[in-house]
Amino acid sequence: MNITIIGSGYVGLVSGICFARLGHNVTCIDNQEEKIHTLNKGEIPIFEPGLKEMLADARSNNLISFSSDLSAHIANCDAVFIAVGTPQDEDGSADLSYVLTAAQEINDLCLDLNKKDLILVTKSTVPVGTAEKIKKITKNSGLKIASNPEFLREGNAIEDFMKPDRVVIGCDDELSSEALRKIYSPLTEVRIVETDTKTSELIKYTSNALLATKIAFINEIANLCEKTGANIKELSKATGLDSRIGEKFLNVGPGYGGSCFPKDVNALIRTGKDNEVNLSIIDAVESSNVNRKKSMAHRIISQLGGLDQAKGKVVAILGLAFKANTDDIRYSPAIATTKELVKHGIAIRASDFEAIKNSKRELANEDGINYFVDPYKAIENTDLVAILTEWPQYSELDIARIKESMRGNIICDLRNMLNKQEVESYQLQYDYIGKYQNND
Ligand code: UDX
C-alpha cells in the first residue's frame, strides 16, 4: 500500500522504514529540510541500532523516500500516519497543535484533490478523544480517522515494531479497519487487537503509565531494602517470576526518563483532572520519580562526605543518555544529576557511547564538564565514579583498572551493574541501589 508518514522523528522514522520492510511504498515527511536531506542521502539523524541498514534496504528497493512537501504525497496515498510530537504543555497536558495542524493540512489537501478514500491514522501518543477532535476538523473531506499507537522502546524499536506483543488499531469504521489490517498483514504471527479510537488512545497511556508505575514501585521498595537489609536483586527476581507480575521493568535505577514516560504520565494525570477522575496512583508515581531523580545527586554528594567536602571534588559520570542503546537525553536522570553536581562545585568527567553530542548541547551553559567516549578516560584521577545509564559495557568494566586510575575509592552504582564482592575485594567503597544503610 502507499503510506505517507508525517513526522520523521524516532517514531515516524522507525515506523516508515519498518512499513517499507513490510513491502509498502512509504514517504516520510518532515518540515526540517536538513533532516530530509540527510535521510535522502541514506544517513540516519538518530541512533537506533540496525536502522541505517534497514533504510539502505528500503532505498535500494525504492520503497521509501523523504520529503518536506506533503502536498505532493497525498493524491496516491492509501493511509497517512501522523507521527509528530505531542510535547508536554505547562499544565502537563499533551500539546496537540502539531497533530491538529497536520490533520487540517491533510483535510485541505483532500478537499483540493477531491480525494475521498484516505485513512488518517494517529501514531503519535494522543489523549483519549483526540480522534473525535480530528473528525470535527475533517468532517467535510470524508477522511476516515483511526488510531494506531506505537509501543517502541528506543534502542529496541525495530524489534518492537517487527515482533510486537500486539498491534493495537482503533477504528470507528470498516474502511479504516480493513486498511490497517492490510497494512499489518505481512506481520503474520502478530496479534491484532482491534477496538474503537478512544479505547486505542487510552491503551497507549495506560500501558506507559503502568510500566512507569512498575519502575517507580521497585525503586521505592529498594529504599525499603536499604533500611531493612533485604536483597533488592533477589527480591526483584523472585517477585517478577510471578507470571501475573512479570520480570521486566523491575530493574532499579535513578528513576525513569525519556521522551515518553514523563510526558505520558503527566498527560494522563491531566486527562484525569480534565475528567474529574482522581488518578491518585499515577499522581504518586510522578512525584516519586521526580523526587528520586533529584535525590541522586545528593546521594553522590553524601558519599563524598557532604556538601563542604564535595566542593572541588572530581566525579566521573558513566552514562548520560536516559537509557542504554540510545543517544537520547530527554528527561535523563544522568543529565539532571550532572547539573545538580556542577551547581555544588563538583567537576565532572562525563562519558557516554552515543549521547555526548546531545549532552554537550544540553549542558552548554554548565562549567567544569569534560566529555569522553571511553569510560576509562573519564575515570582518570576522579574521587568518585557514578554509573547512571545501564549501558551493558559498564557491567564489564575492569575494576582493577578503575582502582588504579582513580584518585579516590568510591563507586556509586545507580544501575546495579557491578558485582559487589568483586568491587569490595579491591578495597573500593561500593554504593548501589538497595544497599543496606546499616547504622548499627
Ligand atoms: C517507553 C515504552 O517502553 C515504550 O513502549 C513506549 O512506546 C515509549 O516509551 P522508552 O522511553 O524508549 O520506551 O524506554 P524504556 O525502555 O521504556 O525505558 C524508559 C525509562 O525507564 C528509561 O529511563 C529506563 O532506564 C528506565 N527503566 C526501564 C528502569 O529504570 N527500569 C526498568 O526496569 C526499565
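The values are calculated or read from the model by the stated rules, or taken from the named source; none is laboratory data. These figures come from a predicted structure and were not determined experimentally. Because the Cβ atoms are built from the backbone with ideal geometry, glycine has one as well, and the counts that use them run over all protein chains shown.
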Any residue at all in region 312-323 that is basic (K, R), buried (at least 19 other Cβ atoms within 10 Å of the Cβ), more than 13 Å from the ligand (Cβ to nearest atom) and touching a residue at least 40 places away in the same chain (Cβ under 8 Å)? yes
Working carefully through the options I218, I232, find the one that is in contact with a Gly (Cβ under 6 Å, 6 or more places away or on another chain) and at pLDDT 95 or above. I232
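Are there strands (runs of 3 or more DSSP E) fully within region 1-106 with at least 2 residues that are within 30 Å of N140 (Cα to Cα) and either of a type in the set (D, E, K, R) or within 16 Å of the ligand (Cβ to nearest atom) (or both)? List them.
Numbers: elements: 2-6, 25-29, 64-67, 79-82.
Ranges flagged: 79-82.
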Any idea how many residues of region 89-106 are more than 22 Å from K35 (Cβ to Cβ) and touching a strand residue (DSSP E or B) at 6+ places or on another chain (Cβ under 8 Å)? 1
Confirm whether T228 is within 16 Å of the ligand (Cβ to nearest atom) and over 30 Å from F19 (Cα atoms). no
Could you give every pair whose Cβ atoms fall below 7 Å, whose first residue belongs to region 177-195 and is exposed (fewer than 13 other Cβ atoms within 10 Å of the Cβ), and whose second residue is among the basic types (K, R), counting only separations of at least 6 or pairs across chains? R191/R166
Name the single residue, out of those in region 327-383 being surrounded by fewer than 22 Cβ atoms within 10 Å (Cβ to Cβ) and among the small types (G, A, S), that is farthest from the chain's Cα centre (by Cα). G345
I'd like the residue in region 394-440 that is acidic (D, E) and without any contact (Cβ under 8 Å) to a residue 40 or more places away in the chain and, out of all such residues, is surrounded by the fewest Cβ atoms within 10 Å (Cβ to Cβ). D440
Note on region 17-34: residues within 26 Å of F353 (Cα to Cα) and either crowded, with 20+ Cβ neighbours inside 10 Å or in contact with a strand residue (DSSP E or B) (Cβ under 6 Å, 6 or more places away or on another chain) (or both) are I17, C18
Looking at (1) surrounded by fewer than 16 Cβ atoms within 10 Å (Cβ to Cβ); (2) within 10 Å of the ligand (Cβ to nearest atom), which one does S280 not meet, given that it meets all the others? (2)
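Table: residues versus (1) in contact with a Ser or Thr (Cβ under 7 Å, 6 or more places away or on another chain); (2) over 26 Å from Y436 (Cα atoms); (3) assigned to a loop (DSSP other than H, G, I, E, B).
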residue	(1), (2), (3)
A230	no, no, yes
L235	no, no, no
A238	no, no, no
I245	yes, no, yes
F249	no, no, yes
